[in-house]
Structures are given as C-alpha cells and as structure tokens.
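**Q** This is the structure I want to talk about, given as structure tokens.
What follows draws every value from the coordinates through simple rules; no lab data is involved. Here the structure is a predicted model, which means the values were calculated and not measured. Backbone-built Cβ (ideal geometry, glycine too); neighbour counts: all protein chains shown.
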Amino acid sequence: MKNKTQTLPLLFFLLFFNHVHSWKKEEFRTCHQTPFCKRARSRTSSTSTPLIATDVTISDGNLIAKLVAKSKQEETQQNTNPLLLSLSVYQNGVVRVTIDEDHSLNPPKSRFHVPDVVVSEFQSTKLWLQRVTQETLDGDDSPSSVVYVSDGFDAVLRHDPFEVFVRDKSNGNTRVVSMNSHGLFDFEQLKVKGEGDDWGESFRSHHDKRPYGPQSISFDVTFHGADFVYGIPEHATSLALKPTKGPGVEESEPYRLFNLDVFEYIHDSPFGLYGSVPFMLSHGKQRGSSGFFWLNAAEMQIDVLGSGWDAENGISKLPKNRVDTLWMSEAGVVDAFFFVGPTPKDVLKQYTSVTGMPAMPQLFSTAYHQCRWNYRDEEDVEHVDSKFDEFDIPYDVLWLDIEHTDGKKYFTWDNVLFPNPEEMQRKIAAKGRHMVTIVDPHIKRDNSFPLHKEATEKGYYVKDSSGNDYDGWCWPGSSSYLDMLSPEIRSWWGDKFSYQNYVGSTPSLYIWNDMNEPSVFNGPEVTMPRDALHIGGVEHREVHNAYGYYFHMATSEGLVKRGDGKDRPFVLSRALFAGTQRYGAIWTGDNTAEWDHLRVSVPMVLTLGLAGVSFSGADVGGFFGNPEPELLVRWYQLGAFYPFFRAHAHHDTKRREPWLFGERNTELIRDAIHVRYALLPYYYTLFREANTTGVPVMRPLWMEFPSEEATFSNDEAFMIGNSLLVQGIYTERAKQTSVYLPGKESWYDFRTGNVYKGEATHKLAVTEESIPVFMRAGTIITRKDRFRRSSTQMTNDPYTLVIALNSSQAAEGELYIDDGSSFNFLQGAYIHRRFIFKDGKLTSLDLAPASNGNARYPVNTVIERIILLGHASGSKNALVEPSNQKVDVELAPFWVQRKNSPAVMTIRKPNVRVTDDWTIKIL
Amino acid sequence: MMKLRMGTGVIVISTALLFLCLPFCSSSVPNDPFFGIAPQDEKYYKSSDVIRCKDGSGKFTRAQLNDDFCDCPDGTDEPGTSACPGGKFYCHNAGHVPTSLFSSRVNDGICDCCDGTDEYDGKVTCSNTCWEAGKVARDKLKKKIATYQDGVKLRKDEIEKAKSALDKDKAELLKLKKEESTLKEIVQQLKEHKEEIEKEEEKERLRKEKEEKEKKEAEEKANEEKSAATGEEARHTNEAGKHSDAKDYAAGETKYEQSDVGDSYDGATDSPSSEGSLLNEVEESVKGAEGEHAAKSETDLRVEEKKSSEEIINTGNDASENTEGLSKEELGQLVASRWTGQKGGKQSGEAEDAKKTEEQEDLTSESNNEEYEGYASETDDDSNRYDGEDETEDDFREEERDDVSSSYKPDTDFEGEPDLSDVVATDNPSWLTKIQRTVRKLFKAVNFFETPLNQTDAARVRKEYDELSSKLSKLQSRVSSLTQKLKHDFGPESEFYSFYDRCFESKQNKYTYKVCPYDQASQEEGYSTTRLGRWDKFEDSYKVMAFSNGDRCWNGPDRSMKVRMRCGLKNEITDVDEPSRCEYVALLSTPALCKEEKLKELQHKLDSLNSQQPEKHDEL
C-alpha cells in the first residue's frame, strides 16, 4: 500500500513535467503557414516568369541593366515593371549585385535597403568598372556581359536567360557562385491597394494588415565545386547544413532566419533562433570555398537542396560537387554579395571587408564570466565573489540579470536588494574584476519612469499599424520599444549610459542586451507584429532581423561615449545580424542542461564564427535544468575553449557555482578555468587576428585543413587558432573516444605532451581530468602559467612559450599584446611578435610596422619558461643573444599547477623580454 | 580587514613604475631567501643545501629557493613568490593572526596580509594594519569566549537532563513492552474463548434452526407449499448476511482508492486527469479554467484566474494550448510565465502552490500516512516475529488491526499522541495484575462446556475482549511512538534531546518560519503553510540540521532547508534565507553547540593572539 501511494504521484508528475518542458512549436509559423514561403517553395523553373537582361551599360563604375519579362505578353499579363540591376566589383574578389524596382516609375513606396551594415571603408575598395566585354557563352544564342573582378576571376551577367555568376578563369572559366541558374528568380512588386484587395494575413490570434500586399523575393544560388555549405546562423543544428529538400532527402522545413525568442529550443532543428546572418559559405575538396551574402533584414527561408535536385522535376542531370540553394525573403530588395574565396579564410576576409571586422574585445571579457538569473542582492554578490577567492578560482566578471532593477525598469536598481551599487562595484573592481548589468529594449510603460516619459514625448517608440506607440508585453508588463533604426534615437539611447544618466554605474560596469529580437510575449510568434511601423514608414517586416543589431549597436556606441572614446565597450547581445561582430559578443541563448545541448553548442558557435561573429559562446552548464556534476564539468572543460566563456543558469535551477559539487569536481572545474587563463595570451592574439582578418578564433577543422575531406562535416572537434585541436566529450561516463587528427604533421597531447600521428583517427582513453586537446606540430603558443584572482592581475606576469616542433624540427607562432582596454592599439600602441624556431634556434621578430615607434605599448614582461615538445637532442644549456647569457635546459613539468604532470624539455628562466628582438640557441 | 585599492589605480602606478625600473627589474624576487616560509617550516628549508619538494616530485638547490621560477609543482621552492600556482605564502601579521595565502596573491597589486608583506615588488605600497585589525579581532574573540563560557554550562545541564530523561524513556519502554506481551497473551486467550463461544453459539443456532426446521417440517407435512416458502426465507437471511460482509469489504476498498487518488493528486497538482476526483480543488480549478475562457474581455485578473491560467500552462497540452481567447495582457503573462514559472508576483504564485498542497495534506496524507507508518514499524518490529505465532495467526492479526484502525477512525486518539491515560498513566504494575485476575476469574466462572451457553457469560467475555484489545492497541501505539522517538539521533552526547517535540520560530517580514527538529520545517504566511522540508538528519558533524522533501516548487525542486547551528545562549532562529530557489538556509543559535573543546580552542587562540602582540608594531 505504502509503495503504491508513492509511485503513483511520481508517475503522474513525470508525465506532467515532460509536457511543461517543451518547445511551443505550434506558436511559430511553418513555411507552409507563411504564404511567401509556401509560394516560393512550390515554384519550378517552368512556373516562373523568365527574365532577360536588357539595356546593359556602365554607369558610375557599375554595370547597369534592366530585367524584363522574356515575352512582352507576360509582362503586361503580370502587370509588372522592369527591374533595375546594378553590378559592382570590389577589391579582393567581392561582387555586389542589387536588384530593385525602378524608382523613376513611382512605385507605391520605396523598398527597404538595410542601412548601417556595410561599412563605409568597403565603398573605398570599389573598382570603377571602365568597360564591359560581350561574350557568347557555350550553348547560348545571345551574348553575356563580362567584367573583370580580380586576377583569375570574372563576373558575368548572362542576358538570356538572366543569370549572374562569378567564374574562375584559371579553371576553364567554371562557375564559382551563381544566381538564378535554375531560373527560380521571382520579385513581387509593390502594388497600390485596389477595391476589394484584402492582403491581410492571420496567424493564430494575430492579424497582419499587409497594406502593400505580397512583396517577397526569391531566387536560387548555386555553389559550384562545393561538397557542403555552412553558415546562415542561428540554428541549433549541424555545422555542415543538411539538405532540407531533394532526392533521397526527408523533406524538412527550410532553414529559417527570423529572430525569435524561443522557449526551450530543441537541439536539432532548422528552426530560426535569436539571430540571423544571411551569409553562406561553401567548401569542397575540388574548388575550396566561396560565399554568398544577401543583405536583407526581412524574414528569410533558405532551402539547401540535396545532391541531384533539379529545379523542374527533381531528377539528377547535373554534375556532382555543387550545392544548390533556394533563398526566399518576405520583403526588401536584392542586395547580394558574391565572394570568390578560394580558401575559407579568404571568404571570411571578403565577407568582413563588407560587414566589418570583429571588434577588439576588452581583455577581461575574454576571461571567465560568472552569471546567474539572479545574483540576488549585494550580500549574494559579495558572497559569490569571496567564494571564488576562497577556492582560488579566477573569474573576471560577475553578472546581474533583470531582478537587480526596480520593477524591470532598466538603468534603475532595486534599492532594497542593491542599496549601494557603486560601492558594490568598487569592491569587485578592487580585485580587478568587472560587473555587467542587463539592459533590455522593452521600456516599461510607467509614467513615473523618466525614460518612458521622454521617449513618449519625443515620439521615439516604434508605432503600431495605426500609428500609435506600439504597446507590447514583456518582463515589466506593458512595454514599448524604441525605434533603433533611427540614428538620432540610437544616439539618444547611447547617452543614457553616461555615469550621470545611469545612476549607480561605475567605469567597471558593462552591459548585457537580452530580449532584443525583440521578444514580445504577446506578439505574433513572441515578437513584434510585422505591420508595426518604424521611421520613414518602414514596416517592421522589412527590418525585423536587424532590430536587435541596431539596439546592440546603440548600446555599444553608448559605452564608447561613456568612456570618452578611450574605453572599449563590452556588450553581450542575444539577437544578431550581419555586422554584429563590430559591436560585441553573442551567446546562443536559452539552452538546456543536457548532453545534446553541450554537443550542439560546438556547431552553433562555429557557425557564428563563420558568419564573422567570432566572440561567441553558449551558456556553460545549460540555462534550463540542473546538470549532473559530470555534465557540468564536461561543459566547463569544453566551454573554457569557447571564445566567450560564461556560466549561466535559470532562476529555477539549483545553485551551481564551481565549488558546490564536492572537492573533486571543484578541482576539475578549477583546472578547466585555469587552462583558459593560461591560454589568455593565445586567445588575445587570436582575437587580434580576427580583428584584422575576420578569421574566427574558434574554427572548423576544414578551415585549417581545407583539402582534408574527413574534416568537412566534423563538428565534434574544432580548432582554436591554427594550433589547438579540441574534441568535446558529449556522453556520460565516456571511457573512450575517437579523434581524427588532420594534416601530415603530428600532434602533441596538450595535457601530457605525448605525440600522435596526423592524418589518422585515434582511439583514446578518456580521463575525467580533461577533454582531449592537441597541439599541432609546427606551431608555437604563449601561455601565462600563474593564476591570479582575475586577468587584471596577470598583466605583468611572465610568459611560457610552448613550442611544438614538426618533422623538420621547426615551428612558428605569434603573440599580440596591448593594454587590453583602450583604443590606443589603433595608433600602434601594441606589441606583435613572431617566434620562429628553426635550426635549433628560437628567434623573436617584430611584426609591428616601424611607424609604431613612439606609440608602442610599454611592457616589461619576460618569458620565464620555454617548453620544447618533440625536440631531438638532450641538451643541457641554451645561449641567449644578444645578452650572451647561458641558461639551463632541463626536464620540468608541462603544467606546473598539475600534480604528476609529465616532464618535458624546458628552457629555464631565459627571462628575455617580449618587447625585444633576441635569439635563443640550444647548445 | 584588508585594505583594498582600485584596480585601475594599480595599473596606473604599475605603468609608471615600469619606466623607472627598466631595463631589468627583478623586484619580484624577494631579498630574503627564506621569505614567505611559515616558522614551523624554517627547519625544513635550512637543514640542507639541496631541498626536496614536499610532494616528493623532485628537489632543488638553495639558489633555486624563491628565485621566481617554479621547480616543484606543489610550490615548495617558491614560498615567497607567485611562481608556483600551487604554493602558499605565509604572512606573520604580527599583532594579528598569521595567515597562509595562495601564492597567486603575492605581488598581484592587492594587499592581502595586514602586515603588507605579500606586496613587495614596489607596484603598490601596503600599510601595516595588523594592530588595529588585531585589536578588533581580539575584542570580538573575547565576546565570543564569554558566550561560550556561559553556553558550555547550559549545555552541560541540558545533557544531564537529557540523560535522565532518556533513561526514563528507556525504562518506560521496557516496562511497556513487558506489559504489552502479557496483555497480548490475555487478549489472545480471550479471543480463543470468544471464538469458542462463538463456535458454540453457531452450533446452538444451527441446532435450533434444525430443530425448528424439523418442527416445521413436521407441522407442514400437511401444507407443503408453505414449508418451501420458509426454506426460501432462511436462505435469504443467509445471503443477506454474506452481502453485508461483502459490502463492508468493498467499503474498505473504496476508502483506499480514495486515498490513492488523493495522493496522486498531491504529486500532479495540476494534472487535468484528476478530473472527476472527489477533491474540491480540482473542481475549483476546472471551473476556474472554464471561467477564464468565458471571461475573454475581463482584463482585471483576480487571483483565482491567475491561478487557472497558470494551470493552462501547467497542463502543457501542447497541441491544444489555446491562446486565441486571451487578451493581450493575458497572452503576455502566459508566455512570460514559461520562463518565470509564475504569474504576476512570484510570492503569490508560491503561496498558491503551498496552499494547494497544504489542503491536500489535510485531506489525505496526514491522517492516513501517519497511521501507515505506525503499522509499518509495528510489522517491522522483530519482537512480533519471535512470538512464534504461525502465519494464519499473523494474517488474522493483520485483519484485526484493520478493524481496529477503522473502528478508531472517529476517535481522536490516533490524531495525535495516543491517549493512554487509562492504561499507562496509572504507572502502577497492579493494573495488569488486576486484569489478569479478573480474566482468570472470568474464565473460571464461565463454563464453556455448558450447553446451551450462558448468555451473560458470553457477553462478559466479549466485552472484556473488546476492552482489552483496545487497550492493547493503545499500548502498542505508545510502544511504537516511544520506539520511534528513541530511534532518533540526539547527538553524540544527547545534547539535542530537548529539541524533540519542540519548534523554533522566526518572523521575517510577512513569513513565519517554523523549524521543528525531528519533524519538519515550514513557512507560514497567514493561513497558508508551505512545508520547507521533512526532518532528514544532522550533517556536518552535528552543526547542521537537514530537512528535505518539502513541498514541490513550481517548475523547480522539492523545497529543502538546512539549519546551521552555532553556539548561543538561547535556542533562537536568527536568520532565514533562500540562497537558491526553494533551498532555504536558517541560522539557529543554541547552547547545544557550545562545546567545551571549542571554548578551549578559542581561549588558546586568544592567548596566542595576546602573546603575539609586538612591542613595535610598525615593522614591515
């Protein structure tokens, strides 16, 4: 009896609980429920209106053409006007194609071009086209127009049928990326609403007036010589994008790009999450990489078509090694960029030349962040802070979620819980640490709230379709949303971060922008209605995916202003768009404490990096739910390698600060965090690399090993820079794992120093101490092996160089240092060294341009230890030049803080300064 | 405490200093080679020129001691620098307490030791604050010692009292057990006699029936139809008897089923499938939900409605979740509540939960469960097993118990502590002897072989049996409750004995927290009570009382509470906190924690502090 009465409720409870924790799928539209997507997806080349390009000329350095229906009859039938096409060419292999309605024909409204995403410098790289060559392609009757792009590449506008592509001259003029090769191009032109036209659309209880009728655009894009396509974040899915349609493919939803706040998203779905970057890369063994970017902020749906797909009937007639895709957007214009590659890093460089380089982060923000919804009050903050010290675990930033405010009015403090915020921040700052508070875009509609009053008076809110301030529901209850599309409003918002305006803020306080999709709890699909209005009559549908981006931009620029232009901003955002990399960090939102979510965090963060957003990470531990200690430890071990490394948890979860799971687990977590702190110099150098080249800190293996097919769909392992390969452990109580080590050179186990052959899959025993990490032979990385309370105290600490020698006993690596917080590096106040080991000699070279001279970053740090992995000789001494000092070479622990760390060949105390040129010769 | 400086200030100073100590600034190596070593360790370092790493991993020369390079992973060779992450740095802190720091604190720009010795590379200047800090610490310590001195006495008294009370309990238990077995025997005898009587009565009845039948048969030989009717009637009577038995049985079953439903409802508070159960809340909530749908336009949400819309989420019926009818605010709140697990104010949501659970408790588990626990322990009680009664006997007893319990149901006896006034309170062994005598007399008086049975005798046996078996069950329940009590862990010196059957209360804002050791901890707000946990155990060498498996939090864990105890002169809850959602922590000051060893330790500490007071406290 007793048993029965207890198990029954338990069963009941489990059933009921599983239901509570689930993604509300029905609340979001499917492609089938989205008219433009449904139409576009069912279109075939024979049901599309064929277009031809006419009136091709050169004007203002651009190639200009008109797109008209092939038969006049169809044009009149469809009641359509010619479209205007403009093609321009930029340095380094970028081609831009815009297609819009002809403004001289007075369309009902001008369509939305997304402003402030393409950086101004990009314009200066434009190549002014002087002439166009006419050429008839094989099998064509009519000519095509050809312009020069760069050495080896042409851009081609095929007139009939209309097609745009970039071709590789060195490879028999084969296509690289092409648009409309399948003739699926469709452009719904704006119409004036006539009698009886009802274009309204309803979804669940919401109605969208759609005053301009259908205005969608869709077309096919083909990546030639490609095996896989990647990119278009943000989705919780594999790195190499699985086909959504095509022969032998189980048809799924297209990849959706529509910024949404999704409660408990699932770990494998093409469903759209918080951000959208409509940029796709391809990669293939044959040809390398190419890329395509469509600058458009409306809802987008993208099909990746399975091998052998055909636009007409799905039968394979086409050669392999190509990936076809279908791009569909609800509104806007065609503003498309073709990137020729040919390496993956080239594509990143080309893409970031358009949308901007990733910002150089504050050094502290590349260290470990401790967050929770919510650190409750000042006492709690002080307690958590002191516990880190008690357990000798470094951390740099403590975060405050929404509960710190007075009634969810941002820029305010709950004065019972946080009566002395400045003092609290000062105490944290005294240990070189920082704090972050949350500032969300929903403004509480409360007349006693000055921000709301002012925004109302100035008319700064987004309007509903009837022109009143849009009133939605979010954390504070009834809320309105600032119109961040307007530069004036952004500037006004930025001023709110000044120390005078944000009472209780200090220079050690930085900002977190959450809910900026925007999340509207009672809106359609938990966001703003599409017919809401922004300045200039822009409909929300046209700007939706960029709303969070503009908000992030405004906050970030506000922090720059706050610091008089001398302090780098740090702003974490959840929503993102193309260009977000210029404004701050991104995290993958509300994940769950499950192994599958740990697993999917890797492709998610990798994909963000491929879209230029290098500074990103997932919540360590998982936001929802309570991780088992083993999962938490594994998450720390992996998360320590995310570019953005933060632990976070929902307020219903149990506390999970690192010391709460017993001595052994505390030790393991401490060690994982220590590894990150040791690698901070290496990470910072990689952030600088991203800042100058667009190449992300965390990279797919194929970015470093582009010709190794075995790596193309691997998203369990990743590279940090060009040196470290990290393989996560994604299962409970794993005893063994397989790791593929690419490249001809060997790899050194980063824990033991043991050597492993390249181009091989290794079966490895898994230890609880760490996940498998390998250092690539032929590279040099810098570490700092002393652990302080926070990165701030490590500034003057000496370096350790780890040299992993390759088969010819050589290696190379770099080190970048600056003050970690100001913009002085832009004036040359930095140190950039290259270390080269060759012929038994290590040389330090200056990579900074000579003009840096007087703006140098003054630093006195030395190298205390040089570790040589794979060195052949058993030498006892080394000679430092030019000081002509002899130093000891001995066997010493690979990691000084770890018990029983294997001994490796070590140059003891060379104490050479990182700023100097020197050589060290092994005797 | 320590003096802290602004991080930014440190950077400015250190940047300035960099220019001063170019090109080679080796100030991170201390002048004294034995710097940072604890006094008790000095011998270890000074005894030879080659020193072993304490962890046995290697050795190093005197020249390598404090040379700012880590040779021993455990930090043996770098007690005075930050070179070894695993090392410890000793600050003497003359005038205050010496401390050992992680070596990561050495020369990190933050003054950690009150004597400032951890910062010597010239990047910051730390003043010596040990004297002031030491004085404060000593004063505090003195106060603490004073408390302990009084507390130790109180604790001793408590322990004395506990010991004699425990002895009393044990003696009583022993006595009760003896009485129990004696009484059991008597009851058994009575029962046998009663059965004997009943058998006789049955025989008598059958005999009479037969006689009557025969008589009737004789009478009705003339009228056959009539006699047949009488037979029919007799059979009917029989069946009716059977029926009523069955009915009783069924009624029992129904009762259990009800309690099952109640319990399952307890777990799945908002499960829609409890529909049709007899419990009021369900009806109420269903009504509430319906009301919600009906009241589309009503914007002013009352608490009831809040609750019901929460229920809509709770049911989590994905496909059928109907948001169409909601107002804008309602929809917003509903979606928001997915993240927060609440609607509107968090507190009200929780109180709601608590209230529901509480009501349930009243309805079902409280009475039933406790009874069961009693039985379980009785059945588990080994003494029963050794009584040598065979299985059928056991079965019989089981049934009998059921009977007893149901007959006791309306009685208040079982609600709280069983009332044994008539059995135990006399505390006089003669009551049992009296009974024995009475029964013996009764047995003598009654002639069991007399036929027909003497009806008065039979009634007397029956009455005696009923009375005594009820006494026995009371006695048994007292034995079991006393056994239960004595099973508890009252601490190594029984210092927590007085906590039994006591509750400590603390009012914090609108809540009253109630900690009842060995029972439960709860939070009360007005008329609603939330159980924060049931008694679990002592933890952390009797410094913490743990209560677990309290009421479930919405979307969260079962509530739990840890009560940390510290020495104080009164039993008093001084602080209650909820550091993690639904995990409560309270502070209880109590003399039970004022241990003599600890007092000695504190006194020793004070002595050493006093002895360390330097004449010249300005040395650096």
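**Q** Quick one: helix A:2-20 against the long Cα principal axis of chain A, what's the angle to the nearest 10°, folded into 0 to 90?
**A** 60
**Q** Over the Cα atoms of region B:27-127, what radius of gyration and what Dmax do you get, in Å?
**A** In order Rg, Dmax, the Cα atoms of region B:27-127 give 12.8, 38 Å.
**Q** When Lys and Arg each count +1 and Asp and Glu each count -1, what net charge do the other residues less than 14 Å away from A:His32, Cβ to Cβ, add up to?
**A** On the way: positive: A:Lys25, A:Arg29, A:Lys38, A:Arg39, A:Arg41, A:Lys245, A:Arg256; negative: A:Glu26, A:Glu201, A:Glu251, A:Glu253, A:Asp303.
Net local charge, A:His32 excluded: +2.
**Q** Can you list residues whose amide H is under 5 Å from A:Asn860's amide H, if they're 5+ apart or on another chain and H is modeled 1.01 Å from N?
**A** none
**Q** Could I have the simple spin-label model distance between A:Glu709 and B:Lys170, label points 7 Å from Cα toward Cβ, reported in nm to one decimal?
**A** So the label points at A:Glu709 and B:Lys170 sit 8.2 nm apart.
**Q** Continuing with the same structure: State, to one decimal in nm, how far the label point of A:Ala734 lies from the label point of B:Lys598, with both points 7 Å from Cα in the Cβ direction.
**A** Between A:Ala734 and B:Lys598, the simple spin-label model gives 4.6 nm.
**Q** Roughly speaking, what is the stretch gain from A:Asn420 to A:Asp198, that is 0.36 nm per residue apart minus the C-alpha to C-alpha distance, in nm to one decimal? Provide the component values of the computation, followed by the final result.
**A** Working: separation 222, 0.36 × 222 = 79.92 nm, distance 5.70 nm.
74.2 nm is the gain from fully extending A:Asn420 to A:Asp198.
**Q** Please report the base-10 log of the normalised intensity I(q)/I(0) for region A:95-241, using a Debye sum with one equal scatterer per alpha carbon and no solvent, at each q in 0.11, 0.16, 0.18 (1/Å).
**A** Evaluating at q = 0.11, 0.16, 0.18 Å⁻¹ gives log10 I(q)/I(0) of -0.67, -1.18, -1.30.
**Q** Run the lone-cysteine check on chain A: no other Cys C-beta under 4.7 Å from the residue's C-beta.
**A** A:Cys371, A:Cys474
**Q** Something else about it: Within a 10 angstrom radius of the beta carbon, how do A:Ser46, B:Ser560, A:Ser307 rank from fewest other beta carbons to most?
**A** Details: A:Ser46 10, B:Ser560 21, A:Ser307 17.
Least to most surrounded, the residues fall as A:Ser46, A:Ser307, B:Ser560.
**Q** Determine the calculated [θ] at 222 nm for chain A from helices alone, applying -39500 (n - 2.57) to every DSSP H run no shorter than 4 residues and normalising by the residue count; nearest 500 deg cm²/dmol. Walk me through the numbers on the way to the answer.
**A** On the way: 16 runs with 172 residues, N = 923.
-5500 deg cm²/dmol, from helical runs alone.
**Q** How far is helix A:629-639 tilted off the main Cα axis of chain A, in degrees rounded to 10, range 0 to 90?
**A** 80
**Q** Less than 14 Å Cβ to Cβ from A:Ile64, Lys/Arg counted +1 and Asp/Glu -1: what total charge do the surrounding residues give?
**A** Working: positive: A:Lys66, A:Arg96, A:Arg131; negative: A:Asp55, A:Asp60, A:Asp100, A:Asp102.
That sum, taken over residues with Cβ under 14 Å, equals -1.
**Q** With θ set to phi - 60° and the Karplus curve 6.51 cos²θ - 1.76 cosθ + 1.60, what are the ³J(HN,Hα) couplings of region A:454-471 in order, to the nearest whole Hz, using x for Gly and Pro?
**A** Each residue's phi maps through the Karplus curve to give 5, 4, 5, 4, 7, x, 8, 8, 4, 9, 7, 5, 9, x, 8, 4, 5, 10 Hz.
**Q** Taking θ = phi - 60°, what integer Hz values does the Karplus form 6.51 cos²θ - 1.76 cosθ + 1.60 yield along region A:657-670, in sequence order, with x for Gly and Pro?
**A** 4, x, 9, 8, 10, x, 4, 5, 5, 4, 4, 5, 5, 4
**Q** Also, quick follow-up: If each residue's Cβ is checked for other Cβ atoms within 10 Å, how do A:Ser465, A:Ser365 rank with the fewest at the top? Don't skip to the end; give the middle numbers.
**A** Working: A:Ser465 18, A:Ser365 27.
Least to most surrounded, the residues fall as A:Ser465, A:Ser365.
**Q** I need the chymotrypsin sites (Phe, Trp or Tyr not before Pro) found in region B:431-529, filtered to DSSP loop residues with at most 14 other beta carbons within 10 Å of theirs.
**A** Values: sites: B:Trp431, B:Phe443, B:Phe448, B:Phe449, B:Tyr465, B:Phe490, B:Phe496, B:Tyr497, B:Phe499, B:Tyr500, B:Phe504, B:Tyr511, B:Tyr513, B:Tyr518, B:Tyr527; in loops: B:Phe448, B:Phe449, B:Phe490, B:Phe496, B:Tyr500, B:Tyr518, B:Tyr527.
Passing both the DSSP loop test and the Cβ count: B:Phe449, B:Tyr527.
**Q** Please compute, for peptide A:644-652, the average count of beta-carbon atoms on other protein chains lying within 10 Å of each residue's beta-carbon.
**A** Numbers: counts 0, 0, 0, 0, 0, 1, 6, 8, 12.
Mean shielding count: 3.
**Q** Across chain A, what fraction of all alpha-carbon pairs, as a whole percent, falls in each successive 20 Å bin from zero upward?
**A** All Cα pairs considered, the percentages come to 14, 45, 33, 7, 0.
**Q** Quick one: length gained pulling B:Leu569 to B:Ala445 fully straight, 0.36 nm per residue minus the C-alpha distance? Could the numbers behind the result be given before it?
**A** Values: separation 124, 0.36 × 124 = 44.64 nm, distance 6.45 nm.
Computed gain between B:Leu569 and B:Ala445 is 38.2 nm.
**Q** Have a look at B:Cys113, B:Ser57, B:Val97 and report the one farthest towards the positive end of the charge dipole of region B:27-127, computed about the Cα centre with Cβ charges (Lys/Arg +1, Asp/Glu -1).
**A** Result: B:Ser57, furthest along the dipole toward the positive end.
**Q** Also, quick follow-up: For region A:502-512, take each phi angle, set θ = phi - 60°, evaluate the Karplus expression 6.51 cos²θ - 1.76 cosθ + 1.60, and give the result in whole Hz per residue in order, putting x for glycine and proline.
**A** Rounded to whole hertz, the list is 8, 5, x, 9, 10, x, 8, 9, 10, 10, 10.
**Q** Report relative contact order for region A:798-922 in percent, whole number only (criteria: Cα-Cα under 8 Å, sequence separation at least 6).
**A** On the way: 267 pairs, mean separation 34.6, N = 125.
Dividing the mean separation by the residue count of region A:798-922 yields 28 percent.
**Q** Within region A:526-595, which trypsin sites (Lys or Arg not before Pro) sit in a loop by DSSP and count at most 11 neighbouring Cβ atoms inside 10 Å?
**A** Numbers: sites: A:Arg530, A:Arg541, A:Lys561, A:Arg562, A:Lys566, A:Arg574, A:Arg582; in loops: A:Arg530, A:Lys566, A:Arg574.
For trypsin sites (Lys or Arg not before Pro) across region A:526-595 that sit outside H, G, I, E and B with at most 11 neighbouring Cβ atoms in 10 Å, the list reads A:Lys566.
**Q** Moving on. To one decimal place, what orientation-averaged projected area in nm² is obtained for the convex hull of the Cα set of region B:497-594?
**A** On the way: hull surface 24.5 nm².
Here the figure is 6.1 nm², rounded to one decimal.
**Q** Based on DSSP loop calls and a cut-off of at most 14 other Cβ atoms within 10 Å, the longest stretch of chain A free of exposed chymotrypsin sites (Phe, Trp or Tyr not before Pro) is what? Each step should come with its number before you reach the end.
**A** Working: sites that count: A:Trp128, A:Tyr499.
It runs A:500-923.
**Q** Quote the convex hull volume per residue of region A:798-922, based on C-alpha atoms, as a whole number of Å³.
**A** On the way: hull volume 14.2 nm³, N = 125.
Taking the convex hull of the Cα positions in region A:798-922, it is 114 Å³ per residue.
**Q** Can you give the relative contact order of chain A as a percent, counting alpha carbon pairs under 8 Å and 6+ residues apart? Each step should come with its number before you reach the end.
**A** Values: 2290 pairs, mean separation 84.4, N = 923.
It rounds to 9 percent for chain A.
**Q** Still on this structure, I have one more. Tell me the relative contact order for region A:562-627 as a rounded percent, counting alpha carbon contacts under 8 Å between residues six or more apart. Kindly include the intermediate steps, with their values, before the conclusion.
**A** Values: 86 pairs, mean separation 23.1, N = 66.
Across region A:562-627, relative contact order equals 35 percent.
**Q** Could you pull out every residue, at least 5 positions away or on a different chain, whose amide H is within less than 5 Å of the one on B:Gln520? Hs are placed 1.01 Å off N in the peptide plane, and Pro or chain starts have none.
**A** Sorted by chain and number, the residues that satisfy this are B:Trp535.
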